[in-house]
Amino acid sequence: MLQKEDGSWGFVDDTAYACLALISAGEGQKASLEEFEWNEMLTRQKLELSKPKFVQTYPSLGVTEIKEKLHKMLNNASERIWICSRFITEFWTDIMNLKREKPNLDVKIITLPKAEAHNKYKGAGKKFVEPAFDALQRLLGKDFITEPLLHARLYIVDNEVLVSSADITSEQLEKEYNAGIWTRDEETVTEAIKFFENIWNESKDGTQSTEVKRT
């Protein structure tokens with residue numbers, strides 16, 4: 001087994017066992033087998049927790065993994081809820097309650113302008129487009145903006161990211177075929193945050209002059 005230029009021996013397991021062998025052969029403090037196995041277990045757990053997970057909505061099989069994952073993310077939020085969704089007719093009361101219960105929770109929403117969302121929405125949930133829009137806008141103020149070019153469905157909660165083909169509607173979370181990827185991978189989360197912030201900064205000025213005029 002040859003050592004690579006970066007100092008590793010290829011796979012994580014090979015590198016770990018090689019390091020243990022060197023420690024045992026060399027002088028100085030020795031790491032016990034129990035300590036090594038414990039550290040290895042922690043490393044595996046960390047990798048497992050950050051590993052991307054495929055989630056789906058599969059109506060004919062009754063699979064609603066996207067909805068379940070998003071609901072769990074929202075309920076566990078402690079620092080941030082950032083949402084890109086063209087339509088929001090599901091979970092909007094949950095989001096409002098979370099913000100009221102945790103005033104310091106950073107809640108930001110980017111969605112379609114109300115008239116456009118109402119015109120494009122298909123399904124029984126259309127009746128909730130305007131009530132949800134108005135209620136979230138009143139509660140969040142400047143942290144609720146619109147972007148007519150929005151097509152992304154991106155949900156960032158604390159250090160988790162869900163990228164999905166589903167908007168936050170009962171139709172797309174329960175009755176249509178949709179798919180997504182959830183992850184805690186640090187690099188992916190960082191890139192998702194940058195993407196959200198770029199849209200936010202480009203869209204907010206236009207929104208404030210049209211959508212959020214209040215006396």
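Overall form of region 51-205: rounded. Here a/c, set by the Cα gyration tensor axes a ≥ b ≥ c, is under 1.5.
Charges were assigned to the Cβ only: +1 to each Lys and Arg, -1 to each Asp and Glu. The resulting dipole of region 51-205 about its Cα centre is roughly 380 debye. Here the Karplus relation 6.51 cos²θ - 1.76 cosθ + 1.60, evaluated at θ = phi - 60°, turns the backbone of region 93-107 into coupling constants of 6, 4, 4, 5, 5, 4, 5, 5, 6, 10, x, 7, 5, 7, 9 Hz, with x for every Gly and Pro. Extension gain, GLU187 to ASN39: 0.36 nm times the residue separation minus the Cα-Cα distance gives 51.0 nm.
Which entries in LYS142/LYS204; LYS53/LYS175; LYS120/LYS204; LYS72/LYS142; LYS69/LYS114 show an alpha-carbon gap greater than 18 Å? The answer is LYS53/LYS175; LYS120/LYS204; LYS72/LYS142; LYS69/LYS114.
Cα extents for region 127-184 along the principal axes, largest to smallest and rounded to whole angstrom: 31, 28, 21.
Only the coordinates and a few stated rules stand behind these numbers; no lab work does. As the structure is a computational prediction, the values presented were derived from the model and not from experiment. All Cβ positions, even for glycine, are placed from backbone atoms using ideal geometry, and neighbour counts span all protein chains on display.
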